[in-house]
Number of protein chains: 2
Amino acid sequence: MAMIEWFEDLSLGMRFKSGTVQVSEHDIKQFAAKFDPQPFHLDDDAAQKTIFKGLAASGWHTAAIAMSLAVQTRPFGPHPLIGLGVDGLRWMMPVRPGDILFVEGEVVGLTPSKSKPQGTVLIKWIAYNQNGDAVYTFTPIGFVPCRPKAI
Amino acid sequence: MAMIEWFEDLSLGMRFKSGTVQVSEHDIKQFAAKFDPQPFHLDDDAAQKTIFKGLAASGWHTAAIAMSLAVQTRPFGPHPLIGLGVDGLRWMMPVRPGDILFVEGEVVGLTPSKSKPQGTVLIKWIAYNQNGDAVYTFTPIGFVPCRPKAI
């Protein structure tokens, strides 16, 4: 892995891969009860009768898990993962109890700011399950400071 | 409020407004510890030294809260809020401990499916705080069944 500290250290095509996390039935129900209380995220029997045909994680739960995995990879080194928003957020497959997820990221956009000593960085992240199925993708619009100029 | 049951009951410009929810410091730290463990979401002192100048909710926490408020408004009546993804996800302002949030939604897209008895519905949601500041917006790509045809 290249040492990344500043905007200039990033290059198009650079890739990041996280560790894994297992999603439990308890986690799915707990998140849903708080943020997305719909039957297919709360109760397996009720979920069987829906389009999901069984309990599935809230898409926002998957999004939060993917963030936790992306943060872990420290794509911007010591600089935080912050941004103005996200493009290309798509859920491709349900996340089920017991699924083991990881994310892979690829730098797909690098735009130096014209007014500030920083750049905009687009990383396209894809979350995969233990079968290698892509379940979720998002491309946050992040920003990273430029290397301070020597005086 | 018009009774909404099927895709045909929705019209462009139709609006929805949720109740409110207060975001506590405990909630912010708990969510961040699990999903977005960065200093400005975890610790007020550390957060003072960052771009946020004080504790701020993870953007994914705000997103999850906005989902909980959107679900509450039942924009699709008895049909669930499910979708393939989200467009136009943007964080405009930090959400702080004690902030009181609500969402307003407006139907901005209605596209009948060519192959299935359903339609794609775009609702642009905006989350506001107690000062009337727009803090977050997202436009989920939802789908809703069409009214069954009489035989």
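Readers should treat all values here as calculations from the given coordinates under stated rules, not as data from a laboratory. These numbers were taken from a predicted model, which means no experiment stands behind them. Glycine gets a Cβ as well: all are built from the backbone with ideal geometry, and neighbour counts include every protein chain shown.
Tilt of helix A:59-72 relative to the longest C-alpha principal axis of chain A, in degrees (0 to 90, nearest 10)? Approximately 40 degrees, to the nearest 10.
Stokes-Einstein diffusion of the protein assembly as shown at 37 °C, 0.692 mPa s viscosity, Kirkwood radius from Cα pairs, rounded to a whole number: 162 µm²/s. Only Cα pairs under 8 Å and 6+ residues apart enter the sum, and on that basis the relative contact order of region A:7-145 stands at 29 percent. In order along region B:127-132, the phi-based Karplus estimate (6.51 cos²θ - 1.76 cosθ + 1.60, θ = phi - 60°) of 3J(HN,Hα) comes to 9, 10, 9, 5, 8, x Hz; Gly and Pro are listed as x. The aspartates and glutamates whose alpha-carbon is closer than 13 Å to the alpha-carbon of B:Lys53, local same-chain residues fewer than 8 away aside, are B:Asp43, B:Asp44, B:Asp45.
Averaged over residues, the count of other Cβ atoms within 10 Å places the peptides A:124-133, A:141-150, B:86-95 in the sequence B:86-95, A:124-133, A:141-150, highest first. The phi-based Karplus calculation (6.51 cos²θ - 1.76 cosθ + 1.60; θ = phi - 60°) puts the 3J(HN,Hα) values of region A:78-83 at x, 8, x, 8, 10, x Hz, whole numbers, x for Gly and Pro. Remark: mean inter-chain Cβ contacts per residue of A:31-38 equal 5, using a 10 Å Cβ-Cβ cutoff to other protein chain atoms. Go ahead and set up a Gaussian network model of chain A, Cα springs under 10 Å, then flag whichever of A:Ala56, A:Ala70, A:Ala33 fluctuates most. Of the options given, A:Ala33 has the highest mean-square fluctuation.
Give the whole-number value, in cubic angstrom per residue, of the convex hull volume spanned by the C-alpha atoms of chain B.
Hull volume over Cα atoms, normalised by residue count, gives 116 Å³.
Within a straight-line Cα-Cα reach of under 17 Å, A:Lys149 can be paired with the following lysines, leaving aside sequence neighbours fewer than 8 residues apart in one chain: A:Lys114, A:Lys116. Compute the acute angle (0 to 90°) between the alpha-carbon long axis of helix B:25-35 and the principal axis of greatest extent of the alpha-carbon atoms of chain B; round to the nearest 10°. Helix B:25-35 and the main axis of chain B meet at about 70 degrees. Set against the 2.2 N^0.38 Å expectation for a compact globular protein, region A:15-59 has a Cα radius of gyration ratio of 1.32.
What separates the A:Lys114 label point from its copies, with the point 7 Å along Cα to Cβ, is 3.9 nm, written shortest first. Excluding same-chain neighbours fewer than eight residues apart, the lysines reachable from A:Lys124 by a Cα-Cα span under 16 Å are A:Lys17. For B:Gln118, the residues whose modelled amide H falls within less than 5 Å of its own, excluding neighbours fewer than 5 places apart on the same chain, are B:Ser113, B:Cys146.
The mean number of Cβ atoms from other chains found within 10 Å of a Cβ in peptide A:93-103 is 0, as a whole number.
Backbone phi angles across region A:103-110, fed through the Karplus curve with coefficients 6.51, -1.76 and 1.60 (θ = phi - 60°), yield HN-Hα couplings of 10, 10, x, 9, 5, 10, x, 9 Hz in residue order; Gly and Pro are listed as x.
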